[in-house]
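The values are calculated or read from the model by the stated rules, or taken from the named source; none is laboratory data. Source: prediction; values computed, not measured. Neighbour counts are summed over all protein chains in view; Cβ atoms, including those assigned to glycine, are modelled from backbone coordinates with ideal geometry.
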Amino acid sequence: MAASHSSSPFDLPTPLPDSPSRRRHAYHFSTQCATVENPSQKDQYGSSSVPIYQTATFKGVDGQYDYTRSGNPTRSHLEHHLAKISSAQHAFTVSSGMASLDVITRLLKPGDEVIAGDDLYGGTNRLLSYLKVHGGVIIHHVDTTNPSTILPLLNPGKTAMVLLESPTNPLLKIADIAQIASDVKQRTPEALVVVDNTMMSPYLQRPLEHGADLVYDSGTKYLSGHHDLMAGVIICNRNDIAKQIAFIINSVGNALTPFDSFLLLRGIKTLAIRMDRQQTSAMSVASYLHRLGFLVHYPGLADHPGREIHEKLANGPGAVLSFVTGDKAMSERIVGSTRLWGISVSFGAVNSLISMPCLMSHASIDAATRAARGLPEDLIRLCVGIEDPSDLIEDLELALLEAGAITAAPLADGGEHYIRTTASLPRAIAKLAEDVKNTGLGLRTTPRKQENREWFVSAPGKVILFGEHAVVYGVTAIAAAVDLRCYGLTSPRHDGKLSLKLPDLHNFEHTWDIKTDLPWDAVTPVLPGDVHPPTLDQKLVDAITHRALPPAARLENAQSRAATIAFLYLYMVLTHEDERPSFNFIARSSLPVGAGLGSSASYSSCVATALLLLHQRVSIPSLPPPSRGATPTDPAHVHVSHKGRRALPTEVADEVNRWAFIAEKVLHGNPSGVDNAVAVFGGALAFTRAGFGKKGGMEPIHGFKSLKFLLTDSKVPRDTKALVAGVAVRKENDPDVIEPALEAIQVISDEARRALSDLELSRESLLTGLTTMIHENHAHLVTLGVSHPVLEAIRAKTAAEPFGLATKLTGAGGGGCAVTLIPDDFSDSALRELLVGLEKDGYEPHVTTIGGSGLGILSPYDENNYPSGSDSEDASAPEKQPESLRKAFERQGVEELAPWAEGRGRWLYV
Ligand SMILES: Nc1ncnc2c1ncn2[C@@H]1O[C@H](COP(=O)(O)OP(=O)(O)OP(=O)(O)O)[C@@H](O)[C@H]1O
Ligand SMILES: C[C@@](O)(CCO)CC(=O)[O-]
């Protein structure tokens, strides 16, 4: 055993170049899996499969092996192979996954403290409970999805182990292993971070690379893949820990048998190929259930709360998912009705399995504890195998039908589809009604009250990767949120006035007397619950333009003029009867304005959100008051910025999106709606405008998070409205040129969408494909007449040696920004050189990843801390008041805007 453990994990080295002109890359994971070689342990007969040394003892003294409990050649091969594929220094194999944990927990002493998750495999929980009673070990169970819950429990000198699963079993919760490991190392460096990696296998996740000290796997699952053996694997890099583990295994005598070592080695050869297939099918099954309206736990789904962190830690969402039906008896019927899905505990085999954790794998946790830890009794776990996914979905569909969980519903075109049955819906609806009653969440139907809060809202800009302009004519666009945002802040007034301040637009500011300065005779209000007609009320636009705008001298800037009309238009249309809220609104952006990154849509989304909140047409759940007094630096609530994702209900997001689209119409003339959809929903979307002979809608796209882009602002101003109108004219005049270009862009978008969601596509093929598509899409945009010499210069610069990068214009073009794909192997020094070069030419480059949060609203917790920025209050005792949120907001530099805003407290996101 010692021989294999001391060897380097890279015993299967990249071969030397066979000619200077032909490079060889390091072997990929699947090659490493399939190639079992241990140069320090050659077989005497050259057997191509590792032989089974089915012997208890070895003859002679001073040999490498003497007794199979301590070491066996078959096991050595296996452990060497496992260390290699896990990029680890040491690997050990024992008789089961639980035996791995048993070995690891033998490192503990009485009095030691262990911090573990609250959604753990039942067997893990059972062993920890045993240790608590019989070993004097103190166990703390916490929600590991929130690293800050661990911090108070890290007890220097006491905390000996932090035990994590990610994703957890069976709720698929995600723990930020890297963050937790870093916190643990900082506060209790002596504590070991241990990760159960069984759900992922070393193919998808290698926790040692994220700071874990010890990783264990149940080899019974994905590593072996056939449910024909039991095995446990332990890997680590630290020699001191490896020595103790080897000692324990030898003393306890639970090392893996030669025959099981042989079987496990055989299974590992196909790990990558099995996992690829199982994962792709799992995604299909998860999406299918999600579409039907079930609550599905799967980190591959766009609405999974831990998806962003998971994508940072792992190379895929895996092949286990779970979902709830709302009814335990119904879940039992579903499980009992499947034929292809075997009812069984465990997972990871080539055959698909279905189970109810509360009755099976987690039955050893008592019902009260299950309830306390939020494990639903009706939860169904699906472990997807390698069968044909259409058979799996069909079998599941029949079981759902048989159990009464779904039912056929007619479609408008005469066809039918399946929907979730109402049997479980009344509960959901009742719950929603209860939520609305308790928290005020959702859309308002009751009369408004005086609004005294400051509302702080924000929305991101966007980058269109494929399909700009064409999207206006029903072609699909692929777009994603960028990490630059517009922020809007309201502060109440009590003097019947309304003010708008736009510091980004030459510090434009104006105040209106609501009653006398606005053209109320021209407005037809849209009542709460109604939707705005598809076209703008031109009469109102004209009335605002001619009667409400400040004198021309103050509004010669076309940008502030448009922004003001959009703001007043929404304010007036949303107002009905006497409900005319009096407040100040100020908007600031970290986005370049009018540069093609959707500054108008993020501004529109902020205006729409602020106005809907002030008109009390939408509301959000409020937090309970803080337990201690807030100060300007301490909001007195746990700061969970970016953890508030999915906290804003869909109906609020939809309503904001509808109104942001109206504001966009004022600003853009004929917008497709893609920009405001990204500003509100965030992430990455394939967006198709409705009404061009095909179904409109949007679909989240995965796979963007890992891509790096360079956005270069050419600093050449342009006007989206004019550019969009220009394409319309060209399309009218020259359809034979423009129509084929639009069709070609649709093909590119379809291809990009397929490539980005194809989990089986290699990274290299994805990047090569995207590069080609970027070049092609740009060429079509040139045909549409929206490029600009400066954009071509940026393209040439990024494409030139030594960079060789693909760039296209993004957004409306005509100047504005260019987007460049930065491949994984592009060196930091080359990137620095490129940035310096671009800056030297007068451009503003910005390296970014895309796909972050959409609309955000700061939860209104600290009304007392930040007094309202009302004019009268400011005037009365300015020195005595703590600084208003508004003043602080205005004071921040553009660079500080985002971190400062984030630090204000708990942001709730769509
Ligand atoms: N921070 C801001 N404050 C006030 N108004 C803004 C702000 N940002 C954008 N706007 C409004 O949006 C307009 C810019 O819209 P335009 O469509 O030209 O650029 P963009 O949205 O950045 O680019 P694209 O639509 O091509 O993505 C401005 O003229 C202004 O009216
Ligand atoms: C040019 C365009 O396609 C994108 C502007 O960001 C216009 C639109 O879709 O509204």
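Cβ-Cβ contacts under 6 Å between residues 6 or more apart (or on different chains), taken from a first residue in region 453-470 that is within 15 Å of Met773 (Cβ to Cβ) to a second residue that is of a type in the set (S, T, N, Q) and within 14 Å of ligand 2 (Cβ to nearest atom), are listed as Val463/Thr810; Ile464/Thr810; Phe466/Ser749; Phe466/Asn777; Gly467/Thr476; Gly467/Ser749. The residues in region 344-362 that are at pLDDT 90 or above and closer than 16 Å to Asp378 by Cβ can be counted, and the count is 3. State whether one or more residues within region 180-197 are charged (D, E, K, R) and under 19 Å from the mean Cα position of the chain (by Cα). There is no residue in region 180-197 that is charged (D, E, K, R) and under 19 Å from the mean Cα position of the chain (by Cα). Summed over region 713-737, the residues that are in contact with a strand residue (DSSP E or B) (Cβ under 8 Å, 6 or more places away or on another chain) and within 16 Å of ligand 2 (Cβ to nearest atom) give a count of 2. Where helices (runs of 4 or more DSSP H) sit wholly within region 183-280, those with at least 2 residues that are in contact with a Phe, Trp or Tyr (Cβ under 8 Å, 6 or more places away or on another chain) occupy 201-204, 239-252. No other residue among Leu271, Leu265, Leu229, Leu295 is touching a strand residue (DSSP E or B) at 6+ places or on another chain (Cβ under 9 Å) and hydrophobic (A, V, I, L, M, F, W, C) apart from Leu295. If the condition is being within 14 Å of ligand 1 (Cβ to nearest atom), surrounded by fewer than 20 Cβ atoms within 10 Å (Cβ to Cβ) and either without any contact (Cβ under 8 Å) to a residue 60 or more places away in the chain or in a helix (DSSP H, G or I) (or both), then region 666-703 contributes only Gly669. Exactly one residue out of Leu313, Leu321, Leu292, Leu271 is in contact with a helix residue (DSSP H, G or I) (Cβ under 9 Å, 6 or more places away or on another chain) and surrounded by fewer than 21 Cβ atoms within 10 Å (Cβ to Cβ), and it is Leu292.
Considered as a group, the residues in region 587-621 that are of a type in the set (Val, Ile, Thr) and assigned to a loop (DSSP other than H, G, I, E, B) include one that is farthest from ligand 2 (Cβ to nearest atom), and that residue is Ile620. Applying the condition of being over 28 Å from Lys731 (Cα atoms) and among the polar types (S, T, N, Q) to region 765-820 and asking which residue is surrounded by the fewest Cβ atoms within 10 Å (Cβ to Cβ) yields Ser765. Any residue at all in region 172-194 that's under 28 Å from Arg266 (Cβ atoms), among the small types (Gly, Ala, Ser) and in contact with a strand residue (DSSP E or B) (Cβ under 7 Å, 6 or more places away or on another chain)? No, region 172-194 has no match at all.
Taking the numbered list (1) buried (at least 19 other Cβ atoms within 10 Å of the Cβ); (2) closer than 24 Å to Ser287 by Cβ in turn, Gly342 passes all entries but (1). In region 454-544, counting only strands (runs of 3 or more DSSP E) that sit wholly within it, the ones holding 1 or more residues that are of a type in the set (Phe, Trp, Tyr) and within 16 Å of ligand 1 (Cβ to nearest atom) span 455-466, 477-492, 508-513.
Of everything in region 1-41 that is surrounded by fewer than 14 Cβ atoms within 10 Å (Cβ to Cβ) and in contact with a Pro (Cβ under 8 Å, 6 or more places away or on another chain), the residue that is modelled with the highest pLDDT is Arg24. Taken as a whole, region 725-736 holds at least one residue that is within 23 Å of Val678 (Cα to Cα) and out of contact with any helix residue (DSSP H, G or I) (no Cβ under 6 Å at 6 or more places or on another chain).
Taking the numbered list (1) crowded, with 21+ Cβ neighbours inside 10 Å; (2) within 16 Å of ligand 1 (Cβ to nearest atom); (3) assigned to a helix (DSSP H, G or I) in turn, Ala722 passes all entries but (1).
In the set Ser829, Ser787, only one residue is free of Cβ contacts under 8 Å to residues at least 24 places away in the same chain and over 14 Å from Leu465 (Cβ atoms); that residue is Ser829. Taken over region 322-332, the criterion of being in a helix (DSSP H, G or I) and either under 12 Å from Ile354 (Cα atoms) or without any contact (Cβ under 8 Å) to a residue 60 or more places away in the chain (or both) is satisfied by Lys328, Ala329, Ser331, Glu332. Screening Ser589, Ser605 for residues that are near ligand 1 (Cβ under 7 Å from one of its atoms), surrounded by 24 or more Cβ atoms within 10 Å (Cβ to Cβ) and polar (S, T, N, Q) leaves exactly one candidate, Ser589.
Where strands (runs of 3 or more DSSP E) fall entirely within region 763-858, those with at least 1 residues that are within 28 Å of the chain's Cα centre (by Cα) and within 16 Å of ligand 2 (Cβ to nearest atom) are at 807-809, 817-822. Pairing each residue of region 765-778 that is of a type outside the set (Asp, Glu) with any residue that is surrounded by fewer than 20 Cβ atoms within 10 Å (Cβ to Cβ) and in a helix (DSSP H, G or I), provided the two are 6+ apart or on different chains, yields C-beta distances under 6 Å for Leu766/Ala755; Gly769/Ala755. Any residue that is within 16 Å of ligand 2 (Cβ to nearest atom) and either at pLDDT below 90 or in contact with a Lys or Arg (Cβ under 6 Å, 6 or more places away or on another chain) (or both) - is there at least one of those in region 738-754? Taking every residue of region 738-754 in turn, at least one turns out to be within 16 Å of ligand 2 (Cβ to nearest atom) and either at pLDDT below 90 or in contact with a Lys or Arg (Cβ under 6 Å, 6 or more places away or on another chain) (or both). Evaluated against (1) within 30 Å of Pro700 (Cα to Cα); (2) surrounded by 24 or more Cβ atoms within 10 Å (Cβ to Cβ); (3) in the same structural domain as Ser100 (by TED's automatic domain parsing), Tyr298 falls short on exactly one condition, (3).
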